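Here is the structure we will look at, set down as structure tokens.
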Amino acid sequence: MFGTRARVPAALALTALAALCAAGCSGGDGTDKDGSGDGATAKCANPDLSLKLGEGQGGAGTHVRRIEIVNGGAPCTLEGRAEVYPYTGDGQRVAGVGAAEIPEGFGGIGGVPPATTLPKGGSAVFYLMSSGGGGECAKASGLAFNAPGTGDGVAPVQVAWDWTPCGTIAVSAIFPPSSNF
């Protein structure tokens, strides 16, 4: 009987310890990068990201291009929609080109997917849709990107790309790299 009573308090102690750790212990694997104690990774930041232009496809005056975001820093999370805009040869925003969201249901790339966590060297994708008309057209020298939640005064990530956006470009939310359009 004595041995049974000794095991019950030990089991309760282990259960209590597990509950406390679930509420705030980091497993020692470096996943609690945001300092909140909840095990979540930090939001991705521009200085650690780079862009790669993917293939594009289009028809009837609309062109959709896949753009890959690559994480060069510590594990981080991207969630939502990035700020994206074309820039000129001197790095300024192209005047007269606005940005909108790709509508939900458009080819499976509209709407808002869950957060995407990127390990170092990992990637995610977003899609850029542009039309050949419907507004002012201007030559652009590249595309600028700000990760979701980026504050003012942070330099955007840029990728060189000679293109001519017109009117409004539409941007998808950020998806895991397995997203296929």
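The values are calculated or read from the model by the stated rules, or taken from the named source; none is laboratory data. Please read all numbers here as calculations on a predicted model, not as lab measurements. Glycine also receives a Cβ, built like all others from the backbone with ideal geometry; neighbour counts cover every protein chain displayed.
At a glance:
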| item | result |
| --- | --- |
| So Thr77, is it closer than 19 Å to Lys52 by Cα, assigned by TED's automatic domain parsing to the domain that holds Gly56 and surrounded by fewer than 16 Cβ atoms within 10 Å (Cβ to Cβ) | no |
| Among residues of region 113-135, those that are loosely packed, with under 14 Cβ neighbours inside 10 Å, under 17 Å from the mean Cα position of the chain (by Cα) and at pLDDT below 90, counted | 1 |
| Among the residues listed as Gly153, Gly110, Gly91, Gly80, the single one being on the phi > 0 side of the Ramachandran plot and under 18 Å from the mean Cα position of the chain (by Cα) | Gly80 |
| Candidate set: region 63-97, residues that are assigned to a loop (DSSP other than H, G, I, E, B), touching a strand residue (DSSP E or B) at 6+ places or on another chain (Cβ under 9 Å) and hydrophobic (A, V, I, L, M, F, W, C); chosen: the one farthest from Leu128 (Cα to Cα) | Ala74 |
| Subset of region 101-116 [under 13 Å from Pro148 (Cα atoms) and not in a loop (DSSP other than H, G, I, E, B)] | Thr116 |
| Residue check for Leu143: over 14 Å from the mean Cα position of the chain (by Cα), among the aliphatic types (A, V, I, L, M), surrounded by 15 or more Cβ atoms within 10 Å (Cβ to Cβ) and closer than 24 Å to Lys43 by Cβ | yes |
